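The values are calculated or read from the model by the stated rules, or taken from the named source; none is laboratory data. Fair warning: this is a prediction, and the values are worked out from it, not measured in the lab. Here the Cβ positions follow ideal geometry from the backbone for every residue, glycine too, while neighbour counts run over all protein chains shown. Ligands, DNA and RNA are stripped out before the accessible areas are found, and what is left, the full protein with its side chains, is counted by its heavy atoms. Shrake-Rupley method; radii C 1.70, N 1.55, O 1.52, S 1.80 Å.
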Amino acid sequence: MGKEWGELSADEKQEALFQRWLAPKDPEGNDLKFQSPEAEKGYKERITRIKDAIQLKKRPDRVPVMPLPSMFPAYYSGMTVEEVMYDYDKCYAAWKKFVLDFDPDGHMGCAAPGPGKFYEILDYKLYAWPGHGVAPEHPYQCLEGEYMKADEYDALIQDPSAFFSNVYLPRVFGALEPFQMLPMLPGILEMYGVAFNFIPYGLPPVQGALNSLMEAGGEALKWVGAVGGFDGEMATLGYPNILAGFTKAPFDAIADTLRGTKGAMLDLYRQPDKLLEAMEAITPLMIKLGVGAAMMNGKPIIFIPLHKGADGFLSDEQFKTFYWPTLRKVMMGLIEAGCIPFPAAEGGYNDRLEVIKDLPKGKTLWMFDQTDMANAKKILGDTVCMLGNVPLDLLSVGTPAQVKDYVKELTGTAGKGGGFILSNGAFFDDIKAENLKAMMEAGREYGAYS
Amino acid sequence: MSKELVNAIAEMKEQEALELAKEMVDGGSDPMEIMGAARDAMGIVGERYEEGTYFLPELILSGVMLNQIAEMVKPKLAEAVEVERHGKVVVGTVEGDIHDIGKDIVVFMLDVNGFDVLDLGIDVPPQKFVEAIKDFEPQVVGLSGFLTLAFDSMKDTVDAIKKAGLRDKVRIMIGGGQISDEIRKHAGADAYGADAMAGVSLAKEWIGVK
């Protein structure tokens, strides 16, 4: 018998997660039946290729090629974003067509559009989506605001989970606003007075919110019923979903959707100690979020979209003080649990390369956008696997020949010796399909290691 | 004292800046002098951003300080402060895109560099740019966008300006996360700027500011 999970080293945990990913199960827990021996071979080859690229132990057979779209599959299938957000079967069909037509080494599932009706039921305030602030053909976009107020740091620091459930949740979902009236749970420790805690549940506004919650849960279930089989079917065809889950850099968690950019940037001057303390307080939650998803889904890669630490947002000093320490803690926490953090550094990260180099070798996957890849390879090549960085302008308005030239150059520099996955630099919506095809072809051609 | 105010703002000492401004207002200083000091400080902040010593936090905080000081001074002002301006620029995030961080930086930098800037906000339809060109009569139009959809929205906006017969009245610059010279060609704009400083240089060049 093998060791208990808790006794495994970080390396052993990572290997175990890769092995679970390589041996997928069907929903009943039996070995997944592939649709053909070729599909099974392809599935394993793809994961092995990605694994080799990430671990930097041996060179993969070729550069893995993996386009990572935002809403592109909808446009590619002639659908609007609204259609794929509200018609779950259409979403499934569009994302399936995308995977089958482009034949990638990995995909990210079809959950990105999410259930439009669900957002409606809960009156989601945090985003504008088709029909609710943006046009049917446009992608959803975040509505930045101060969903956490400047004087609420102590509440977040003292009890992050209570802050999320009793303060944040009622603010970002209009239909759940009455949950502001709910009690803090330590009040249920003894029989004496315990019933006081339940009075809010008898009040009509809270009961109305509970009804919305149940309706929303039903809709989420309906959605997952329609799209939940996607990863399984793609696996039977040989295509692994690379993501186990996601988490966030603590600075972004605060600057994106709690305090907003403006609020967080002001806090950096007005109450830097509170900001730092709050980031420390949510760091364990951010680790748990990622590790929990990896354990549940039985694979290691945890996506971390990076936003407010890019070149131009913060000074070097600010990056080193406010952004990197807790991001690194989150990444190290994930690595300790056998996960592979997959930060996506949108924008430029040229000024950050020397700082982010401080990571263990072969444990992380970095998506780069407008970062000089030759320089990044020089600085990070011995430490991390890089993914990227075919530019969106090129994919949108360039020609297939231009794309191929770019990929040739990129695989020659960033791909040299392994440790590289060819992809787009940032997540894309409506680009030219022939350019994406050119990227895939060129990646296979120039990315072969001989 | 106005020199101290300039320093306090430029050094990001918010409390000190506000106290100094209040003292000056209460002590009967010329409101124009206070606002002049604040504007000088913003000029320094802009320079430091340009040099790469200041970043987003400093732009945001100094903007907030300026607004607070303006509020303090307002009741004492007989008339609005007229600052001499080099020229007019209309700026907005194009239709379908609601991102504003980059656009706000450009507006800030144009403003501190002495341009009269009309900020049309986010998700601005082409027709609104056309109306603004007619009413505000800018020499320069700046189109901002973050998402790939902005590539076509920028083109649509330039086309609408052409169709309205206004294309030769303005120079058009574009910018944003994924914007490049390829996108400039696609959209039919006159230039693209990689960052806010490039936008300022373009506006200066086109308007003829030394």
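Magnitude of the charge dipole for segment B:2-76, about its Cα centre and with charges confined to Cβ atoms of Lys, Arg (+1) and Asp, Glu (-1), is about 200 debye. Counting only protein heavy atoms and using a 1.4 Å probe, the accessible area of A:Arg259 comes to about 10 Å². Each of B:Ala38, B:Ser201, B:Leu110 was scored by the projection of its Cα onto the charge dipole of chain B, and the greatest displacement toward the positive side belongs to B:Ser201; charges sit on the C-beta of Lys, Arg, Asp and Glu.
Dipole size of chain B about its Cα centre, with +1 on Lys/Arg Cβ and -1 on Asp/Glu Cβ: approximately 780 debye, rounded to the nearest 20. When Rg and Dmax are taken over the Cα atoms of segment A:253-352, they come to 13.8, 43 Å.
Interface residues of segment B:44-58, defined as those losing at least 20 Å² of solvent-accessible heavy-atom surface relative to the isolated chain (probe radius 1.4 Å), are listed as B:Phe55, B:Leu56, B:Pro57, B:Glu58. Decide, for segment B:138-210, between rounded, prolate and oblate: order the square roots of the alpha carbon gyration tensor eigenvalues as a ≥ b ≥ c, take rounded if a/c falls under 1.5, and otherwise choose prolate if a/b is larger than b/c, else oblate. In terms of gyration-tensor shape, oblate. Excluding ligands, DNA and RNA and using a 1.4 Å probe, chains B and A jointly bury around 2400 Å² of accessible surface, summed across both partners. Once the Cβ-Cβ distance of B:Thr53 and B:Asp159 is raised to the sixth power relative to R0 = 35 Å, the FRET efficiency obtained is 0.30.
The peptide list A:414-420, A:388-394, B:170-176, put in order of mean Cβ contacts within 10 Å with the highest first, becomes B:170-176, A:388-394, A:414-420. Note on chain A: percent of Cα-Cα distances in each 10 Å bin, starting at 0 and stopping at the bin with the largest distance, equals 4, 19, 29, 28, 15, 4, 1, 0. Take segment B:88-207 with all the other protein chains still there, run a 1.4 Å probe, and you get 38 Å² of accessible area per residue. The C-alpha atoms of segment B:38-79 occupy a region whose extents along the principal axes are 38, 16, 9 Å, arranged from largest to smallest. For the peptide B:98-107, the mean number of other protein chain Cβ atoms found within 10 angstrom of a residue's Cβ is 3. Restricting the GluC sites (Glu not before Pro) of segment A:185-260 to loop positions (DSSP other than H, G, I, E, B) with no more than 13 neighbouring Cβ atoms within 10 Å leaves A:Glu190. When a 1.4 Å probe is rolled over the protein heavy atoms, the share of accessible surface on the protein assembly as shown that falls to carbon and sulfur comes to 53 percent.
Answer rounded, prolate or oblate for segment B:88-207, using the Cα gyration tensor with square roots of eigenvalues a ≥ b ≥ c: rounded when a/c is under 1.5, else prolate when a/b is larger than b/c, else oblate.
rounded
The accessible-area loss of segment A:378-399 on complex formation, taken against its chain alone with a 1.4 Å probe, reaches 30 Å² or more at A:Leu392, A:Asp393, A:Val397.
At a threshold of 30 Å², the residues of segment B:173-210 that become less accessible to a 1.4 Å probe in the full protein assembly than in their chain on its own are B:Gln178, B:Glu182. Straightening the chain between A:Glu434 and A:Lys41 buys 138.7 nm, computed as 0.36 nm per residue apart minus the Cα-Cα spacing. Among the residues of A:158-166, the average count of other protein chain beta-carbon atoms within 10 Å of the residue beta-carbon is 0. Solvent-accessible surface of segment A:294-416, averaged per residue with a 1.4 angstrom probe and all protein chains in place: 32 square angstrom. Measuring max minus min along each principal axis, the C-alpha atoms of chain B give extents of 55, 34, 32 Å (largest first).
Each other residue within a Cβ distance under 13 Å of A:Lys25 adds +1 if Lys or Arg and -1 if Asp or Glu, for a net charge of -1. Of the peptides A:324-331, B:90-97, A:423-430, the ranking by mean beta-carbon count within 10 Å, highest at the top, reads B:90-97, A:423-430, A:324-331. Site pair A:Asp103 and A:Lys57 shows an inter-label distance of 3.0 nm when each label is modelled 7 Å from Cα along Cα→Cβ.
Averaging the Cα positions of each part gives two centres, and for segment A:147-195 and segment B:44-110 these lie 37 Å apart.
Near B:Gly142, the amide H atoms lying under 5 Å from its own belong to B:Val90, B:Val91, B:Gly92, B:Met173; only residues 5 or more places off or on other chains count, and H is placed 1.01 Å from N.
In this rough spin-label picture, where each label sits 7 Å from Cα along the Cβ direction, the A:Asn350-A:His132 distance is 4.0 nm. Other protein chain C-beta atoms within 10 Å of residue C-beta, averaged over A:136-145: 3.
Available extension along the chain between A:Lys357 and A:Phe196 is 52.6 nm, counting 0.36 nm per residue and deducting the alpha carbon span.
Residues in segment B:1-50 average 49 Å² of solvent-accessible surface per residue, probe 1.4 Å, ligands and nucleic acids excluded. Electrostatic bookkeeping for B:Gln139 treats Lys and Arg as +1 and Asp and Glu as -1; over the other residues with beta carbon under 9 Å from its beta carbon, the sum is +2.
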